[in-house]
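S.K.: Below is the structure I would like to discuss, written out as C-alpha cells.
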Amino acid sequence: MVPEKFIDRLEDVVGSDDLIYNSRVTEVYSTDASPYSGRAVAVVRPENPEEVSEILKLANHHSVPVVPRGAGSGTSGGAVPRNAVVIDMKKMDGIEVYQDDMIVFSEAGAILHDIKRSLCKFDLFIPPEPGSLRIATAGGFVANNGSGKRGLKYGSVRNFVAGINAVLPDGKIVRITYRTHRSPGINHQVFVGSEGALGVITGIYLRAIPIPEEKKTYLIPLKNTTEIEKSLKRILKVLPDAVEYIDSKSSSALGYGEEEFIAVEVFGDDRYAERVIDSLGGISIESQEEKRFWERRETLGAEIAKKGSRVYAGEDFAVPFSRLSDFIEKIKDVERETGSEIFVYGHLDTCNLHPAIVSESFEDSMRAAGRLADTALKMGATVGEHGVALRWEFLKGLDVYRRLKYCLDQKNILNPGKFGL
Ligand SMILES: Cc1cc2nc3c(=O)[nH]c(=O)nc-3n(C[C@H](O)[C@H](O)[C@H](O)COP(=O)(O)OP(=O)(O)OC[C@H]3O[C@@H](n4cnc5c(N)ncnc54)[C@H](O)[C@@H]3O)c2cc1C
C-alpha cells in the first residue's frame, strides 16, 4: 500500500488534473506492448524537471517505487509497474531545433515522428528509425537504446545522443547540455539503455545530419535462406544505409508475393552499389513505390497482428552473423513444432531479427515465444533493440549494472524488478 500522505503530497506537486488515483484509468498503465502486466497504484504527469525532482524526492522519502513511462510501446515489460507509481512523461514534449549546430533538443515525452517532422523543415534527420516511430517517445527510445533500420552504418540512437538532462533517483537534477556532435564522458551515456532504472530522462540533445539529396531502394530476391550470409557479405561491402530481411510470409503480408527477399537502402548516387546489387538480381523501386514499401515495412508488425493472437514476446533477437541462416531455419522448426505462425523480418545489417508470433490463443503464442527464447540463447543471441527489462536472462555483466544501480539508487525505488533486481 502507498501512504495516503504520499498521494496528497504528489497532488501538491503536479495538481489534481495530473494525478490519477483511485480510478480504473490506472489499469491502462499496468502493461505496455509486451505480454507482461503489473499494477499501477497511481499515475502522475509532470510538466517540467522540477516536478519530476519533487516526485522522486517524495518517492525516496516514502520508499515508494516509481516507473518512468513514455508511450508504453516497449516489448520487454520495461514500463510495467509492480505496485508502483507511473511517471507518464508525455506532457513534456517540447522540441527545439538548433539548425546551425544540427542538434535537436527534445523533451523526453516528445514523439519521435514529431521530432522527425521538426527536423525535416531544416532538411535534417536522425538515421536510427524504429517501426514505432509514430508512437514511441524520445525518452523511451533513448532509455532502451533503440535502433531500427540503419543500425550497421549509423549505430543505435546512443551514437546520436550528445547530451542529456535527467533527474537522479534522489531527486537531484543533472543537466549535461552539449550542443556538439562529439561530447566527452560517460555521464550522459550512462542513461542511454538504462531502461528507466538509473534516472528519469527529462531532455535529450540529439545529433542530426543533412537529408541526402538522392536515395535508392533495391529489392533482392533470395532463392534459398542458406544463401543469406553470402549475399549479406557482398551487400555490406557497399556500406549500404539500411538492409532489411523479409521472409516469405512477411512478404505476402506486405503485398510483395510469396518470395523471401532483402531490401537495401542506399543514399546518394552510388554506381558501385548498383553494380553489386545488380549482380545479386536486385531491382530498384522508385518514388511512390519506394515510399509505399517503407511505409508498409513500418506498419508490418501491426499488419501481422491482424492475423490472430499476436504477442510481442521473444521477438527481438540479435544473432551472431555466422548463425543467421541457422537461426531462421530453427525458427521455422519452432513454427512446425508449436503450430504457431511465425513471420520473420528484421534489420539484417545487424542480424537483428524480429520473429513475430501469431497463434490462436495467447497461451500458444507464449509457448512458442518460450521456445524461441531457448533456441536463441543456445545460439549465443541476445536482445537487439527492444530493451532487456523482464527478459534479463539475455543480459551479461549484471554485476556491473547492480553496482551502478546501488550507487545511484540505494533504496531501489526506480523501476524495481527489472533486470532481476
Ligand atoms: C510496432 C512496434 C515496432 C517497434 N519497432 C522498433 C524498432 O524498429 N526499433 C526499436 O529499437 N524498437 C522498436 N520497438 C520497441 C521499442 O522498445 C519502443 O518503441 C521504444 O523504444 C520505446 O518507446 P516508448 O516511449 O514507448 O517507451 P516505453 O515503452 O514507455 O518505455 C521503455 C523503457 O524506457 C523507460 N523510459 C521511458 N521513458 C523514460 C524516461 N523519460 N526516462 C527514463 N526512462 C524512461 C521505461 O521505464 C521502460 O523501461 C517497437 C515496438 C512496437 C510496438
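Read the figures in this text as sums done on the coordinates, not as results from a lab. Bear in mind the structure is a predicted one, so any value in this text is a computation, not a measurement. Here the Cβ positions follow ideal geometry from the backbone for every residue, glycine too, while neighbour counts run over all protein chains shown.
S.K.: Need one number: the % of Cα-Cα pairs in region 46-186 sitting beyond the 23 Å mark.
M.R.: Across region 46-186, Cα pairs with separations above 23 Å total 36 percent.
S.K.: With viscosity set to 1.306 mPa s and temperature to 10 °C, compute the Stokes-Einstein D of region 287-410, Rh being the Kirkwood radius across alpha carbon pairs; µm²/s, no decimals.
M.R.: Reported coefficient: 101 µm²/s.
S.K.: Apply the Karplus curve 6.51 cos²θ - 1.76 cosθ + 1.60, θ = phi - 60°, to the phi angles in region 381-397 and return the couplings in whole Hz, x for Gly and Pro.
M.R.: Listing the rounded values in order: 7, 9, 6, x, 8, 8, x, 9, 5, 8, 10, 6, 4, 8, 9, 9, x Hz.
S.K.: Now a separate question. In terms of modelled amide H atoms, which long-range or inter-chain residues lie less than 5 Å from the amide H of Ala84?
M.R.: Arg39, Val41
S.K.: Along each of its three principal axes, how wide is the spread of alpha-carbon positions in region 215-378, in whole angstrom units, largest first?
M.R.: 50, 33, 22
S.K.: Using 0.36 nm per residue of separation minus the Cα-Cα distance, give me the extension gain between Arg9 and Glu337 in nm, one decimal.
M.R.: 112.7 nm
S.K.: Moving on. Give the angle, between 0 and 90 degrees and rounded to the nearest 10, that separates the Cα long axis of helix 287-298 from the longest principal axis of the Cα atoms of the chain.
M.R.: 50
S.K.: While we're looking at this one, here's another question. Sticking with the crude label model, points 7 Å out along Cα→Cβ, report the distance from Ala305 to Phe321 in nm, one decimal please.
M.R.: Result: 3.4 nm between the two label points.
S.K.: Once both axes come from the Cα atoms, what is the angle between helix 4-14 and the longest principal axis of the chain, in degrees from 0 to 90, rounded to 10?
M.R.: The two axes meet at around 70 degrees.
S.K.: Give me log10 I(q)/I(0) at q = 0.11, 0.20 Å⁻¹ for region 115-209, Debye formula, one equal scatterer per alpha-carbon, no solvent.
M.R.: -0.30, -0.99
S.K.: Which part of region 173-198 falls in the paramagnetic zone of Asp100, meaning amide N under 19 Å from the point 7 Å along Cα-to-beta-carbon?
M.R.: Correct set: 178-182.
S.K.: Calculate the FRET efficiency for Ile173 and Arg403 from the Cβ-Cβ distance with a Förster distance of 25 Å, rounded to the nearest 0.05.
M.R.: Rounded to the nearest 0.05, the efficiency is 0.60.
S.K.: With θ taken as phi - 60° and the coefficients 6.51, -1.76 and 1.60, list the Karplus ³J(HN,Hα) couplings across region 48-65 in order, rounded to whole Hz; mark glycine and proline as x.
M.R.: Result, rounded to whole Hz: 7, x, 5, 5, 4, 4, 4, 4, 5, 4, 5, 4, 5, 4, 9, 6, 9, x.
S.K.: Taking the alpha-carbon centroid of each part, what is the distance from region 199-274 to region 331-376 in angstrom?
M.R.: Between the Cα centre of region 199-274 and that of region 331-376, the gap is 22 Å.
S.K.: Given Cα positions, please report Rg to Rh for the chain, the hydrodynamic radius being the Kirkwood one.
M.R.: 0.98
S.K.: Would you mind telling me which residue in Arg234, Arg158, Arg207 has the biggest mean-square fluctuation in a Gaussian network model of the chain, where springs connect alpha carbons within a distance under 10 angstrom?
M.R.: Arg234
S.K.: In whole Å, what are the extents of region 4-91 along the principal axes defined by its C-alpha atoms, from largest to smallest?
M.R.: Here the spans come out as 34, 24, 23 Å, largest first.
S.K.: With r as the distance between the Cβ atoms of Asp269 and Ser37 and R0 = 51 Å, compute the FRET efficiency 1/(1 + (r/R0)^6) and round to 0.05.
M.R.: Efficiency computed from Cβ-Cβ geometry: 0.55.
S.K.: A further question follows. Each residue of region 29-41 in turn: what ³J(HN,Hα) in whole Hz from Karplus with 6.51, -1.76, 1.60 and θ = phi - 60°, glycine and Pro shown as x?
M.R.: With the stated coefficients, region 29-41 comes to 8, 7, 9, 10, 6, 7, x, 7, 8, x, 9, 9, 7 Hz.
S.K.: Roughly what would the spin-label model give for Asn159 and Glu360, points 7 Å off Cα along C-beta, in nm?
M.R.: 4.6
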